[in-house]
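These notes concern the structure reproduced below.
Each value in this text was obtained by applying a stated rule to the coordinates, not by laboratory testing. In this text, all values refer to a predicted model and were calculated from it rather than measured experimentally. Please note: Cβ atoms are built from the backbone with ideal geometry, for glycine as well, and neighbour counts cover all protein chains shown.
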Amino acid sequence: EYAEFLHCKSKKFTDFDEVRQEIEAETDRVTGTNKGISPVPINLRVYSPHVLNLTLIDLPGITKVPVGDQPQDIEFQIRDMILQFISRESSLILAVTPANMDLANSDALKMAKEVDPQGLRTIGVITKLDLMDEGTDARDVLENKLLPLRRGYIGVVNRSQKDIDGKKDIRAALAAERKFFLSHPAYRHMAERMGTPHLQRVLNQQLTNHIRESLPSLRSKLQSQLLSLEKEVEEYKNFRPDDPARKTKALLQMVQQFGVDFEKRIEGSGDQVDTLELSGGARINRIFHERFPFELVKMEFDEKDLRREISYAIKNIHGVTGLFTPDLAFEAIVKKQVVKLKEPCLKCVDLVIQELINTVRQCTSKV
């Protein structure tokens with residue numbers, strides 16, 4: 001009876017030629033006048049006692065070669081746009097393929113299979129049955145034998161461009177479609193399951209069932225979201241941003257978080273794992289177990305000299321009357337050797353401090 005567009009809500013369209021013109025005009029307004037595309041849908045509502053409750057999203061066909069103002073990557077842009085819509089578990093996919101084209105080459109079916117490999121939410125539609133070469137028919141496809149889909153295929157015969165230009169009435173087109181199926185030897189036996197009116201009924205029924213199946217999971221999802229939001233609301237009920245106690249608490253939380261982050265980085269159980277270089281605890285571990293031993297190995301001493309030093313130390317400690325070798329000789333020699341360890345140790349400490357500073361810096365970036 002009449003139609004409304006979302007972009008011009010106040011206006012009611014009763015002439016459907018005007019509706020067609022408005023679709024083209026809005027497309028040009030959004031995408032330019034030379035075959036551009038946009039992922040923003042044009043919303044059209046049709047009100048009539050003769051139509052069923054259905055929401056249809058008409059997506060563009062895959063363009064292989066850019067024309068007009070279309071960008072070079074038009075094919076990928078359209079693919080992404082289509083996938084955005086058909087990937088949703090809650091949507092049914094209406095895969096439309098012309099009968100005069102090989103079904104195995106159908107872009108619609110190929111993309112539907114990508115997101116719905118089981119074929120659980122894909123409905124096949126075969127158009128242009130009246131344009132097939134003489135002696136060929138799509139009977140195997142329509143009987144769901146060639147490329148089976150769980151929800152099957154429905155054949156339709158639409159108005160040609162000539163019919164549209166000649167303003168052929170939709171009722172007359174539907175009558176002609178019915179006549180085509182009833183009189184065609186290959187489709188006569190399944191004429192009741194073919195045609196646009198049957199497609200409408202099937203879509204309405206399947207969409208209703210699909211909504212009924214999807215509702216429980218949708219409801220539980222919404223309930224869990226609602227619960228978490230209510231929890232959050234509860235937390236902020238008495239929230240006063242200028243309350244000093246609130247500020248103290250926030251600061252304490254930040255300091256605690258900093259402590260936790262630092263500990264995680266040192267222990268190696270952080271939420272973000274660096275895949276490019278060693279950092280935090282791993283680097284410190286490496287300093288202790290590889291760098292430090294390497295520095296120690298580099299230290300050189302001559303055993304001959306050491307033995308001579310030990311001998312002098314013992315003699316010097318004995319003095320004139322020594323019976324026993326006191327600990328002093330041992331201490332004197334060991335002290336001299338231990339002093340040599342000081343430099344590698346300090347080097348190691350410096351490296352560890354440097355790494356700890358880096359770790360602190362990484363943790364403070366959050367604060």
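Which net charge results when you count Lys and Arg as +1 and Asp and Glu as -1 among the other residues whose beta-carbon is under 15 Å from that of PHE85? Spell out each step's value before the answer.
Values: positive: ARG79, ARG88, ARG121; negative: ASP58, ASP80, GLU89, ASP107, GLU114, ASP116.
Net local charge, PHE85 excluded: -3.
Hey, got a sec? Which trypsin sites (Lys or Arg not before Pro) in the stretch 325-367 land in a DSSP loop and have at most 15 other Cβ atoms within 10 Å?
On the way: sites: LYS335, LYS336, LYS340, LYS342, LYS347, ARG361, LYS366; in loops: LYS366.
Hits after loop and neighbour filter: LYS366.
Qualifying trypsin sites (Lys or Arg not before Pro) in the stretch 193-271, where qualification requires a DSSP coil assignment and no more than 11 other C-beta atoms within 10 Å, comprise LYS237.
Looking at the chain as a GNM with Cα springs under 10 Å, which of GLU331, GLU234, GLU213 has the largest mean-square fluctuation? Between GLU331, GLU234, GLU213, it is GLU331 that shows the largest mean-square fluctuation. What residues from the stretch 15-56 fall in the zone where the backbone N is under 15 Å from a label point 7 Å along the Cα-to-C-beta line of LYS9? Hits in the stretch 15-56 for LYS9 at 15 Å: 43-45. For the chain, set up a Gaussian network in which alpha carbons nearer than 10 Å are linked by springs, and say which option among ILE78, ILE353, ILE310 fluctuates the most. The residue with the greatest mean-square fluctuation here is ILE310.
Taking ASP302, ASP163, ASP15 as the candidate residues, the one with maximal mean-square fluctuation in a Gaussian network model of the chain, Cα springs under 10 Å, is ASP302.
Compute the longest continuous run of the chain that contains no exposed chymotrypsin sites (Phe, Trp or Tyr not before Pro); treat a site as exposed when its DSSP state is not H, G, I, E or B and it has at most 13 other Cβ atoms within 10 Å.
Working: sites that count: TYR236, PHE239, PHE301, PHE324.
In short, 1-235.
A 32 angstrom limit on the alpha carbon distance is what I want to check against. Which of LYS315/LYS342; LYS315/LYS347; LYS264/LYS335 exceed it?
Working: LYS315/LYS342 28 Å; LYS315/LYS347 36 Å; LYS264/LYS335 39 Å.
Distance filter (> 32 Å) returns LYS315/LYS347; LYS264/LYS335.
Using R0 = 30 Å, the C-beta based FRET efficiency linking ARG188 and TYR47 works out to 0.25. Given R0 = 56 Å, the distance between the Cβ atoms of ARG201 and GLU230 translates into a calculated FRET efficiency of 0.85. At an R0 of 56 angstrom, the distance between the Cβ atoms of ASP350 and HIS318 translates into a FRET efficiency of 0.85.
What helices in the chain pass both tests, a Cα length along the helix axis of 24 Å or more and a mean Kyte hydropathy of 0.0 or higher, using whole DSSP H runs? Display every interim value, and only then the final one.
Numbers: long enough: 196-235 (55 Å, -0.78); 244-267 (34 Å, -0.53); 327-364 (52 Å, 0.34).
For the chain, where a helix must reach 24 Å along its axis and average at least 0.0, the hits are 327-364.
For the stretch 70-166, run through the GluC sites (Glu not before Pro) and keep only the ones in DSSP coil with at most 12 other Cβ atoms within 10 Å of their Cβ. Of the GluC sites (Glu not before Pro), the ones in loops of the stretch 70-166 whose Cβ has at most 12 other Cβ atoms within 10 Å are GLU89, GLU134.
The lysine pair tally for the stretch 126-244, using Cα distances under 24 Å and a gap of 8 or more places or different chains, is 9.
Suppose the chain between LEU131 and VAL338 were pulled fully straight at 0.36 nm per residue; how much longer would it get relative to their current alpha carbon spacing?
On the way: separation 207, 0.36 × 207 = 74.52 nm, distance 9.78 nm.
Fully extending the segment from LEU131 to VAL338 adds 64.7 nm.
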